[in-house]
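One structure below.
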Amino acid sequence: ILTDNTGSVLLYKTSGYEIGDEVTVSGTISSYNRGFQIGTDGISIEKTGTTSVVYPEPMEITGALADELLTTRVNDEYAYFAKMTGTVAVSGNYYNFILPGAETAQGSIYGATDEVKAMFTDGVEATIYGYFCSISSGKYINVVVVSVDEAPAIEGGATNSYTSVLGT
């Protein structure tokens with residue numbers, strides 16, 4: 001996830017960078033599954049420093065809110081820092097969350113490494129903190145995981161609202 005003054009976007013760069021790296025990125029912002037992203041084609045990234053990371057107050061995604069997002073998130077949007085609690089449902093390479101109160105929606109771990117997957121046990125309740133970045137297959141609320149069962153450093157009073165230089 002790449003965050004600046006305008007918001008957070010999914011950045012498809014899989015190695016060489018750590019949480020807290022400050023970077024300059026040149027690439028094209030596009031969208032996929034109702035979320036902004038920067039793909040790997042034509043991208044350049046230069047590390048310019050490091051910083052400590054404090055996350056904004058998470059948006060809590062309940063089952064009811066997850067169902068609502070399936071119909072209300074109709075435009076491409078930035079990723080939002082979120083918290084989600086549910087029962088882990090592992091099916092092959094897919095790690096989903098059954099959310100209490102949801103009729104259709106499920107949480108889904110997006111882009112998880114083997115290390116992240118090892119933090120989950122099928123059938124066990126877990127709370128994840130991470131970036132809600134997209135909706136796929138009409139029912140999956142995709143989240144890039146930051147922390148499992150323990151809140152990361154959260155800055156009080158921060159907001160998930162951004163003014164975009166991209167407009168709508």
Gaussian network model of the chain, Cα within-10 Å springs - most flexible of GLY138, GLY49, GLY111: GLY49
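Excluding TYR17 itself, calculate the net charge of residues whose Cβ lies under 13 Å from the Cβ of TYR17, where each Lys or Arg counts +1 and each Asp or Glu counts -1. Don't jump to the answer; show the numbers that get you there.
Numbers: positive: LYS13, LYS47; negative: GLU18, ASP21, GLU22, GLU46.
Every neighbour counted, the sum reads -2.
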With every protein chain present, what is the per residue accessible area of region 19-77 (1.4 Å probe, Å²)? 59
In whole Å, how far is the Cα centre of region 44-108 from that of region 1-39? 16
At a 1.4 Å probe radius, carbon and sulfur cover how many percent of the accessible area of the chain? 46
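Could you order GLU18, GLU103, GLU68 by accessible surface area, starting with the largest, using a probe radius of 1.4 Å?
On the way: GLU18 135, GLU103 170, GLU68 100 Å².
I get GLU103, GLU18, GLU68, largest accessible area first.
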Can you tell me which of GLY39, GLY92, GLY107 moves the most in a GNM of the chain? Springs connect C-alpha atoms under 10 Å apart. GLY92
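What fraction of the DSSP beta bridges in region 32-168 is antiparallel, stated in percent and rounded to the nearest 5? Working shown, then result.
Working: 24 of 32 bridges.
In region 32-168, approximately 75 percent of DSSP beta bridges are antiparallel ones.
What number comes out for accessible area per residue over region 78-126 if the probe is 1.4 Å? Units Å², please. Intermediate values should be presented prior to the final figure.
Working: 2570 Å² over 49 residues.
Per-residue accessible area for region 78-126 comes out at 53 Å².
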Rounded to whole Hz and in sequence order, give me ³J(HN,Hα) for region 37-44 from the Karplus expression 6.51 cos²θ - 1.76 cosθ + 1.60, θ = phi - 60°, writing x for Gly and Pro. 8, 10, x, 8, 5, x, 8, 10
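Using 0.36 nm times the number of residues separating ALA89 and THR72, minus their current alpha carbon distance, what extension gain do you get? Mind dumping the intermediate values first?
Working: separation 17, 0.36 × 17 = 6.12 nm, distance 2.52 nm.
Contour length minus Cα-Cα distance gives 3.6 nm.
Please compute the volume of the convex hull spanned by the alpha-carbon atoms of region 1-118 and report it per residue in Å³. Each step should come with its number before you reach the end.
Details: hull volume 15.7 nm³, N = 118.
Expressed per residue, the convex hull around the Cα atoms of region 1-118 is 133 Å³.
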The helix 63-72 Cα axis meets the longest alpha-carbon principal axis of the chain at an angle in degrees, between 0 and 90 and rounded to 10, of 50
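The values are calculated or read from the model by the stated rules, or taken from the named source; none is laboratory data. From a predicted model like this one, the values you see are computed outputs, not experimental measurements. No Cβ is skipped: glycine too gets one built from the backbone with ideal geometry, and neighbour counts run over all protein chains shown. Accessible surface is based on the protein model in full, side chains and every heavy atom, while ligands, DNA and RNA are left aside. Shrake-Rupley method; radii C 1.70, N 1.55, O 1.52, S 1.80 Å.
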